[in-house]
Each structure stands twice: as structure tokens, then as C-alpha cells.
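The values are calculated or read from the model by the stated rules, or taken from the named source; none is laboratory data. Just so it is clear, the model here is predicted, and its values are computed rather than measured. When we count neighbours, we look across all protein chains shown, and the Cβ atoms used for this are built from the backbone with ideal geometry, even at glycine. Side chains included, ligands, DNA and RNA excluded: accessible areas come from the protein's heavy atoms. Shrake-Rupley method; radii C 1.70, N 1.55, O 1.52, S 1.80 Å.
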Amino acid sequence: MQATEEHKDRRNYLSKAEIVRTDLGNRPASEVAPQEIENWLKSKFRTPATSNRYKAFISLCYRQGMRNGKVTSNPARLFSKRAESAGRIRYLSRDEYNRVCDAIRKLFPAHLPEFVVSVNTGMRLSEQYSATWSQFDKSRRAID
């Protein structure tokens, strides 16, 4: 079984693979120079975040190739990621919060508590479901 067959990001991996293959050529990975990858990332992607995601994907491919004995090195490790901005922090207004709650209550009532917890704690759904009692600090009423 291939590494991506059961991965949650399989479709994303396949689409990235097609873009990389189309742009860098359908040739042995060992023939692609680190500078070629770095130049391609800089010229192809406008935002540092997208460039970094593709660099991570290419690095993953080379690591898998090394595990399978197809290549001996990972050229993507030879250059740094691009600096990303901190992003934008946005909060729902009271009206937006109420409208979203009403929509969830109507369409997916069982998921309303998940939404309320995420809005009030900033926790992602995966963090909510992977939290353990040892992470709760009862005296501070906080999750560590």
C-alpha cells in the first residue's frame, strides 16, 4: 500500500504531485537540483505559505524516496522556508455568532456544543476530541 492511500490529505497530495510533475518534468527525482526546486518555488507561488506547503510536500516525497532506496538525499532540505506573516486574527461579532449558532442548531444540532467550545477556547475540533483530563487545570479553569 502506498503512503498516501489512507492519508486524510490524499487528494491534496495527488493534486500537488501533478503540479510538481508537470512543472519540474517527469524525470528521475535524483536529477532535480536543489537550486531548481528553490527557483521554481519562488517563481511559481506568490505567497510564502503556499511555497512552504509545496516545499514540505516535495521534502516528503524525497524522504519517502530515501526510505524506498530510490534517492540518496533530500535536496529540499538544503534551502530554508520562506518567512510567513502571522496571519489575520478575526472574531465573530455577536450577530454573526448568533446566526451561526442558529444555523448549526437547525442543520446539525448535535454539533452545537463543539462550535461553542471552539469559539470560547480557540480549540480546533481535533484538539477538543484529543484532550485528556490531565490537560485540565481545575483551579485555573483552564486547559493546558
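Some notes on this structure:
- Tally of residues being under 23 Å from the mean Cα position of the chain (by Cα), open to solvent by 60 Å² or more (accessible area, probe 1.4 Å) and charged (D, E, K, R) across segment 26-76: 6
- Output for segment 121-142, where each listed residue is charged (D, E, K, R) and surrounded by fewer than 10 Cβ atoms within 10 Å (Cβ to Cβ): Lys138, Arg140, Arg141
- Any hit, segment 30-37, residues being among the polar types (S, T, N, Q), at pLDDT 95 or above and part of a helix (DSSP H, G or I): no
- Taking segment 106-144 as the range and being in a helix (DSSP H, G or I), farther than 17 Å from Leu92 by Cα and touching a helix residue (DSSP H, G or I) at 6+ places or on another chain (Cβ under 9 Å) as the test, the residues that pass are His111, Leu125, Glu127, Gln128, Tyr129.
- Among the residues of segment 42-78, those that are more than 17 Å from Asn12 (Cα to Cα) and hydrophobic (A, V, I, L, M, F, W, C) comprise Met66, Val71, Ala76, Leu78.
- A search for C-beta distances below 6 Å between a residue of segment 55-76 that is in a helix (DSSP H, G or I) and of a type outside the set (A, V, I, L, M, F, W, C) and any residue that is modelled with pLDDT under 95 and open to solvent by 60 Å² or more (accessible area, probe 1.4 Å), counting only pairs 6+ apart in sequence or on different chains, returns Gln64/Ala3.
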